[in-house]
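Visitor: Got a structure here, written out as structure tokens. Questions coming.
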Amino acid sequence: MLHFVKYDLIMPTWGTLLTVLLTIPLFYAVMLPSFFVFNVYVMTILIGLFFTDQRSKSRLYMSSLPVKRASIVQGRYVSILLVSIFFIFYQGLWGKVLSLLFENNYYIYSWKDMLVLLCMAALIEAVAIPIYYGLTSFLMATGGLAFLYFFSIIFSLPPLTNVLGMEREIIFNDLDPGFVLLVEKYIPFQPYISLSLVTAILFYLSLKLSELLFVKKAKVS
């Protein structure tokens with residue numbers, strides 16, 4: 001599995017890496033909602049990896065090697081999760097740096113924010129990866145994922161604005177604190193432990209489903 005994790009991590013080009021490293025602090029500096037930016041980056045990396053698979057047929061080649069096909073899927077899950085953890089700490093670092101350099105009220109992550117972001121990344125994987133392994137069309141999978149993402153934004157806005165007291169106007173730059181407040185409001189008993197456990201279970205079930213779908217697709221191919 002570690003080989004496939006390494007393969008995914010070195011797949012992006014230097015241009016892609018440089019773009020990510022430069023745009024994250026830029027988006028933070030102009031005070032775009034960091035939770036939204038984080039989710040977009042996680043989905044971009046995920047879609048980019050599957051696009052590369054589609055273009056180069058690399059996963060089909062790997063599935064023909066004398067390795068456990070499940071380890072290919074496991075490597076994909078772990079690699080995206082590792083990149084997500086890097087994004088969280090990188091955003092958190094820039095939040096602290098910018099708050100020291102400028103007088104603007106930049107939102108700084110607490111451990112609660114980081115845990116919620118990690119759970120978000122895991123849930124994005126849990127939903128998106130089986131879609132890509134289950135559908136034969138990359139465009140159809142990406143379109144379905146985009147629809148689900150925009151639907152989730154529309155669905156989450158009313159409770160977010162409600163918990164933040166934004167009934168009259170929505171200030172998108174100030175939405176970040178609302179996610180932690182939502183967790184504490186709707187999960188009254190040990191919210192962060194409960195959120196972590198539910199996320200871990202869904203992540204594991206998604207992993208097993210993706211393994212079955214990938215093995216089935218490899219046999220057909």
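Read-outs throughout are calculated quantities, based only on the coordinates presented, and are distinct from any laboratory measurement. Bear in mind that the values here come from a model prediction, so they are computed numbers and not experimental data. Ideal geometry is used to build each Cβ from the backbone, glycine not excepted, and the neighbour counts take in all protein chains shown.
Visitor: Once phi is turned into θ = phi - 60°, what whole-Hz ³J(HN,Hα) does the Karplus curve with 6.51, -1.76 and 1.60 give for every residue of the range 41-47, x standing for Gly and Pro?
Guide: Values per residue, Gly and Pro as x: 5, 4, 5, 5, 4, 4, 5 Hz.
Visitor: Counting only C-alpha contacts under 8 Å and six or more residues apart, can you give the relative contact order of the chain as a whole percent?
Guide: Values: 174 pairs, mean separation 63.5, N = 221.
The value is 29 percent.
Visitor: Considering only Ala200, Phe36, Val116, whose Cα is most displaced toward the positive end of the charge dipole of the range 2-220, charges sitting on Cβ of Lys, Arg (+1) and Asp, Glu (-1)?
Guide: Toward the positive end, the furthest listed residue is Ala200.
Visitor: I'd like to compare 195-202, 74-81, 161-168, 109-116: which one has the highest average count of other Cβ atoms within 10 Å, and what's the full order after that? Don't jump to the answer; show the numbers that get you there.
Guide: Working: 195-202: 14.9, 74-81: 21.1, 161-168: 13.2, 109-116: 17.5.
Most protected by this proxy first, the peptides run 74-81, 109-116, 195-202, 161-168.
Visitor: State the percent of C-alpha pairs, over all pairs in the chain, separated by a distance greater than 23 angstrom.
Guide: Details: 12404 of 24310 pairs.
Within the chain, distances greater than 23 Å cover 51 percent of Cα pairs.
Visitor: State the number of lysine pairs found in the chain whose Cα atoms come within less than 19 Å, restricting to pairs 8 or more positions apart or on distinct chains.
Guide: Total qualifying Lys-Lys pairs in the chain comes to 15.
Visitor: Once fully extended, how much extra length lies between Glu103 and Tyr192, figured as 0.36 nm per residue of separation less the alpha-carbon to alpha-carbon distance?
Guide: Details: separation 89, 0.36 × 89 = 32.04 nm, distance 3.14 nm.
Full extension of this stretch gives 28.9 nm more.
Visitor: Starting from the range 142-221, pick out the chymotrypsin sites (Phe, Trp or Tyr not before Pro) whose DSSP state is loop and whose Cβ has at most 16 other Cβ atoms within 10 Å. It would help to have the intermediate numbers written out before the result.
Guide: Working: sites: Phe147, Tyr149, Phe150, Phe151, Phe155, Phe172, Phe179, Tyr186, Phe189, Tyr192, Phe203, Tyr204, Phe214; in loops: Phe189.
Passing sites in the range 142-221 are Phe189.
Visitor: Val30 to Ile153: extension gain in nm, 0.36 nm per residue of separation minus the Cα-Cα distance?
Guide: Values: separation 123, 0.36 × 123 = 44.28 nm, distance 2.08 nm.
Here the answer is 42.2 nm.
Visitor: Still on this structure, I have one more. Using the beta-carbon distance between Glu167 and Phe138 and R0 = 30 Å, what value does 1/(1 + (r/R0)^6) give for FRET efficiency, to the nearest 0.05? Can you show the working numbers first?
Guide: Numbers: r = 41 Å, r/R0 = 1.37.
Rounded to the nearest 0.05, the efficiency is 0.15.
Visitor: Just how large is the dipole of the chain about the Cα centre, in debye to the nearest 20, putting +1 at every Lys and Arg Cβ and -1 at every Asp and Glu Cβ?
Guide: The dipole of the chain has a size of about 1140 debye.
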